[in-house]
1. Considering only the range 211-222, I want to know if a residue exists there that is in contact with a Phe, Trp or Tyr (Cβ under 9 Å, 6 or more places away or on another chain), at pLDDT 85 or above and among the aliphatic types (A, V, I, L, M).
2. Every residue in the range 301-344 that is surrounded by fewer than 19 Cβ atoms within 10 Å (Cβ to Cβ) and polar (S, T, N, Q), please.
3. I'd like to verify a number: residues in the range 195-250 that are touching a strand residue (DSSP E or B) at 6+ places or on another chain (Cβ under 8 Å) and farther than 21 Å from PHE179 by Cα, how many?
4. Filter the range 109-166 for residues that are assigned to a loop (DSSP other than H, G, I, E, B) and of a type in the set (Gly, Ala, Ser); which is surrounded by the most Cβ atoms within 10 Å (Cβ to Cβ)?
5. How many of the residues making up the range 355-369 are out of contact with any helix residue (DSSP H, G or I) (no Cβ under 7 Å at 6 or more places or on another chain) and touching a residue at least 24 places away in the same chain (Cβ under 8 Å)?
6. Do we find a residue being of a type in the set (Ser, Thr, Tyr) and either in the same structural domain as LYS438 (by TED's automatic domain parsing) or in contact (Cβ under 8 Å) with a residue 24 or more places away in the chain (or both) anywhere in the range 543-558?
7. Taking the condition within 30 Å of CYS433 (Cα to Cα) and in contact with a strand residue (DSSP E or B) (Cβ under 6 Å, 6 or more places away or on another chain), does PRO347 pass?
8. Among the residues that make up the range 388-406, is at least one of them touching a helix residue (DSSP H, G or I) at 6+ places or on another chain (Cβ under 7 Å), at negative phi and not assigned by TED's automatic domain parsing to the domain that holds ARG335?
Amino acid sequence: MDPEILNKAENLRQALHRHNYRYYVLDDPEISDAEYDRMMQELVALETAYPELASPDSPSARVGAAPSEKFETAEHSLPMLSLDNGFDDSDILDFDRRIKKNLDTDADILYTAEPKMDGLAVELVYEKGRLITASTRGDGIRGEVITANAKTIRTVPLVLQENKEVKIPAYLEVRGEVFMGLECFRCLNAERLKAGIAPFANPRNAAAGSLRQLDPAVTAKRPLEIFCYGTGRSDISSDSHWETLEILKKLGFRINPLIRARIGIDLCLEYYRELGNRRHTLPYDIDGVVIKIDKYSWQQELGATARSPRWAIAYKFEAIRSSTRIVSIDVQVGRTGALTPVAIMEPVTVGGVTVSRATLHNEDEIRRKDIRIGDTVLIQRAGDVIPEVVKVIVSVRTGQESVFNMPSNCPVCAAAVYRDKDEAVLRCNNSNCPAQIKARLRHFASKAAFDIDGLGEKLADQLVEKGLIASYSDIFHLNNVQLQSLERMGAKSAGNLIAAVEKSKKISFSRFIYALGIRHVGENIADILAGRFESIAQLSDAPIELLETIEGIGPEIAESIRHFFEQDENRKTVRRILESGVEILVKAKQTYASPIQGKVFVLTGTLEGMTRNEAKQIIEDAGGKVSSSVSRNTDYLVAGDDPGSKLERAESLGVQIIDKAEFLELIGNRLP
């Protein structure tokens, strides 16, 4: 390769990365669009003429690569948790009071308030300053890998910016919200209508559909953008959320300019109202304000529940509402036997989406709102997503409306229904109810569980209705003859399903636990249990007292787990699954005695000859924990070169400070 050509290509790449940063992040371009296009064309011409110049982080990679056959999934290093919601000022003031109580302080808490973008959450992973993986939020534990598509978004840096003020971290996970601007959304829909294609319902759907294209070239044609709002695991040294955002901006990430940093709760409420008034003038959709404690040490001290951090809350805007008429009320039976009333309504458009069904939650809710069949009601997409009935418009009642009563028997199997004293939900008393079996089977075969390709809702219903499946363990004992007796199931389809079932037999421990459908045990709780127990036998025999000691497992969840495994039928089902050849893949546990079992470490500065991730892995393999900030719970601060403010914080709290040599001695010189 001619050194002159190699040098020219590298100079063009660096220049284009710099101009991307100035244009999309700083909003301060140095060259015209025409000059930018000329440079890009020159780079593409060079890479076409000399294929050996191709680089995955080249600016030219944004135009899209060859289509993928199927999205892979990737596990997030740290869960991408949901946020608790607030819907009025009292919710937010209660949140502030809880924070102060849990931190045992009367001091004013400083928060960072951010517009809550109505888009799709993603995680971008960088190693040595280069984008290596991008994935969607997915279920919070694992998401779809969409790296090729993310590279087409011009506000996603492919390489981090060299900066005199900020050192490029060796490892960095950045989280952000991908969205589509309103004007671009309208133009895209106009093009689709012109081409005879159905328009997208709203900008969020358009962004999600564009990001999940199998062909990145299609994504490249869609005008997607991103605002970054935080990090997962990273080698950034920072003591606060706002400080981290400023560092991210210097590294080349786009941060929402409307963010208000380090303000008290009263100013957060003012900001919410101000942003609410500006909401409809913004060039993109937002559905609320996210309020986060700015100080990392306090975030760390507060921690999180199984589904959401205790140090943040989303103050949601009032949802878009519409009125319609309830035609009838159906009762659905779920996998735990819960009976849920559902309003069947005259179709109506709410926030760009046509809806004809809305949950009525339970009997108490129907009585509280005095909802009747035939009523005209005001509905909203709660949290801008799930339709629900807000209230009845009593003034238009005609007298023809009829009161609805929940059934005293299951609408599917006719078994008696019951209601626990601490619940508002009625439940079917028959665990062999076909509706429950169908729902459990769909859950068992779902992507987050056994991931049995081809076993959808209609097939699951047929299998139960034909008597081929009475328990989800029966799925492993189906044969071709049985399957071919089903409607629209030929030899090829039957063979494909048998193969998919066979393929599903190797499964991780956490997904196996989740697949069992234990009440209150979602994917996050399943992960916690899989990390604590070495086998399903050990979990099934665990006493409730032990379960309650596990972080993230409260009394209600512990009781539910214990109750599940006390049922002989459930134990037989688990045993039958294992006897069918299912292999649970359990992560290897440490096999040596560790002096740091349960100890909390914080890493700061540069450890010569060892990356931050390598040090973290050593600690976790030895049973220790790694925290991103120093607190009273920190046992050791491992300080390398240029340790930063974390060292001062550790000294002020009396935390034991050790260097790399002392760290290696402590963990027995176990190098990665």
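The values are calculated or read from the model by the stated rules, or taken from the named source; none is laboratory data. Here the structure is a predicted model, which is why all the values come from computation and not from measurement. All Cβ positions, glycine included, derive from the backbone under ideal geometry; neighbour counts span all protein chains shown.
1. No: zero hits.
2. If the condition is that a residue be surrounded by fewer than 19 Cβ atoms within 10 Å (Cβ to Cβ) and polar (S, T, N, Q), then THR305, SER308, SER322, SER323, SER328, GLN332, THR336, THR340 are the ones that fit.
3. 10
4. GLY119
5. Here the count works out to 10.
6. no
7. Spelling it out, it is not the case that PRO347 is within 30 Å of CYS433 (Cα to Cα) and in contact with a strand residue (DSSP E or B) (Cβ under 6 Å, 6 or more places away or on another chain).
8. Within the range 388-406, none of the residues are touching a helix residue (DSSP H, G or I) at 6+ places or on another chain (Cβ under 7 Å), at negative phi and not assigned by TED's automatic domain parsing to the domain that holds ARG335.
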